[in-house]
Amino acid sequence: MAAGWKILWGYRVVRQSVLAGALAFLALGQQGQKATEEASAAQQQIPDSPRPQVDLPTVNSLKPGMGTTPISNGDQPPAGQDQAPPPSQPSAPSAPSETQKLDDGPPPEVGADAFRLVVRTNFVEVPFTVKDNKQRLVPAIQWREVRVYENNLPQRITNFTVDPFPLSVAIVIDQSLTFDNMAKVNNSLNALQGAFAPYDEVAVYTYNNGPQLRTEFTGSQSARLNFALTNLKTTGREPYMNMGGPLAQTTVINGRNFDPNTSPIRNSPQMELKVPKEVHTLNDAILEAAKATTKAGKGRRRIVYVISDGKEYGSKAKTKDVIHYLQQNKIAVYGTLVGDSSLPVIGFLDKIHLPMTMRDNVLPAYTTATGGNTDAEFRQKGIEESFQKIFEEVRTQYTIGYYTHEPFIDGKFRTIDVRVLRPNLTVIAKKGYYPTASDSVPANTVTPAKPAAAAPPQN
């Protein structure tokens with residue numbers, strides 16, 4: 001009997017346990033089914049309006065050093081803000097073509113506008129001319145064929161153009177020439193105005209015993225320039241006889257004239273013939289003309305054009321100081337060489353400067369240092385043709401630009417070497433430059449407009 005009760009009691013316990021497990025399983029199944037239905041309904045629900053924008057972060061959510069991209073700083077994006085996609089991997093560089101070399105870099109900006117819109121914090125502009133072995137201009141030079149070196153270090157060309165620039169030309173005419181050479185120059189001045197373009201501006205200076213301003217900058221085709229060129233003509237000077245050497249005095253021994261018959265006054269000590277020195281103030285004239293060109297606006301090419309025999313004597317300014325001023329203010333000197341210095345033999349001897357001797361022709365020193373050129377002409381027709389030849393060379397110049405790595409505040413001279421990767425060519429460019437504080441000023445400065453004056457009250 002006792003055994004039967006025990007069996008009945010165990011059966012009841014097992015039944016209750018099975019019933020409790022079934023009830024628990026049923027409850028869990030209903031919760032899972034409800035969660036599945038809710039998730040499915042949420043996925044099928046379509047919003048009827050755009051998702052609202054995330055509010056800006058509060059002051060307390062910011063911390064020092066936090067960048068604009070939270071992932072870059074190891075921070076998590078704010079709640080509700082989508083995570084920024086990872087940056088794409090850079091594509092592999094394409095292989096350079098046969099015409100492009102690895103050291104060429106990207107192509108420069110082409111056109112004259114690139115030189116007017118750049119901010120000149122450390123920008124260097126270098127015009128240059130390319131000629132062949134017959135002194136003919138060489139066209140179609142590409143930027144890939146040009147190399148520029150500053151202080152013997154290669155520079156990357158960022159700007160390149162063959163477009164002509166408007167010119168600001170200060171003409172310097174030598175009036176200390178002899179009367180025959182002065183007549184040739186006077187007759188050729190009628191052809192000078194035709195060498196300029198309508199958008200050029202021209203000033204005229206003359207010099208004999210000091211520079212003289214004939215007209216300030218005016219239009220190249222204006223009647224004012226024609227009037228100045230017509231009224232500056234002069235006769236020149238008579239040639240001095242060369243009375244130096246032993247013919248400068250009579251026979252004198254130990255400071256005494258041993259032959260009294262050769263003296264104008266009998267028994268006088270000696271007789272000397274002293275001829276005054278010729279005055280050719282070329283340095284002062286170039287300096288005055290250069291000062292006028294510095295007032296030209298930006299985007300214009302500054303030129304000092306000299307018509308002279310190149311002789312220099314009596315100037316207050318020294319040649320090296322004037323060259324320093326020209327290189328500092330980006331001024332190029334061109335010239336038409338006349339007189340005896342234009343002859344082949346005498347002109348060649350003038351270029352060979354012997355030590356401890358006076359230089360008879362200083363014009364090549366100016367043109368070589370500033371990237372200009374000279375044209376030697378002896379006849380009047382050659383002088384007239386030289387005007388067109390010189391300014392054709394100026395207008396067909398190539399112009400490159402680069403950003404130097406040297407500071408502009410030290411004021412030290414920097415050498416420039418421009419090379420073209422073609423054989424048997426001559427490159428004419430300035431030898432260097434002096435940086436100035438004005439080079440660090442932006443090229444385009446905006447001047448704020450002044451407020452209009454208030455109208456007076458009406459009674």
Which numbered condition VAL418 misses (of (1) surrounded by 17 or more Cβ atoms within 10 Å (Cβ to Cβ); (2) assigned to a loop (DSSP other than H, G, I, E, B); (3) of a type outside the set (D, E, K, R); (4) at pLDDT 90 or above): (2)
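Go through GLY382, GLY372 for me and flag whichever is farther than 16 Å from VAL126 by Cβ and of a type in the set (Gly, Ala, Ser).
On the way: GLY372 fails: farther than 16 Å from VAL126 by Cβ.
Only one candidate qualifies: GLY382.
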Taking ASP375 as the residue in question, decide whether it is at pLDDT 90 or above, under 19 Å from VAL202 (Cβ atoms), surrounded by 15 or more Cβ atoms within 10 Å (Cβ to Cβ) and out of contact with any Asp or Glu (no Cβ under 6 Å at 6 or more places or on another chain). yes
Got a sec? Which of ALA332, ALA285, ALA296, ALA289 is in a loop (DSSP other than H, G, I, E, B), modelled with pLDDT of 70 or more and not polar (S, T, N, Q)? ALA296
Looking at the stretch 168-187 only, could you name the residues that are closer than 16 Å to TYR334 by Cβ and touching a helix residue (DSSP H, G or I) at 6+ places or on another chain (Cβ under 6 Å)? SER168, ALA170, VAL172
Looking only at the stretch 369-428, how many residues end up being under 20 Å from the mean Cα position of the chain (by Cα) and of a type in the set (Gly, Ala, Ser)? 5
If the Cβ limit is 6 Å and pairs must be 6+ apart or interchain, which residue in the stretch 391-414 that is closer than 14 Å to ASN151 by Cα and outside any helix (DSSP H, G or I) pairs with which residue that is among the small types (Gly, Ala, Ser) and modelled with pLDDT of 85 or more? PHE413/GLY432; ARG414/GLY432
Quickly run through the stretch 421-438 and pick out the residues that are surrounded by 11 or more Cβ atoms within 10 Å (Cβ to Cβ) and among the polar types (S, T, N, Q). THR426, THR436, SER438
Residues to consider are ALA140, ALA191, ALA197, ALA170; find the one that is over 27 Å from PRO407 (Cα atoms), modelled with pLDDT of 95 or more and more than 19 Å from the chain's Cα centre (by Cα). ALA170
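The values are calculated or read from the model by the stated rules, or taken from the named source; none is laboratory data. This is a predicted model, so every value here is computed, not measured. Glycine gets a Cβ as well: all are built from the backbone with ideal geometry, and neighbour counts include every protein chain shown.
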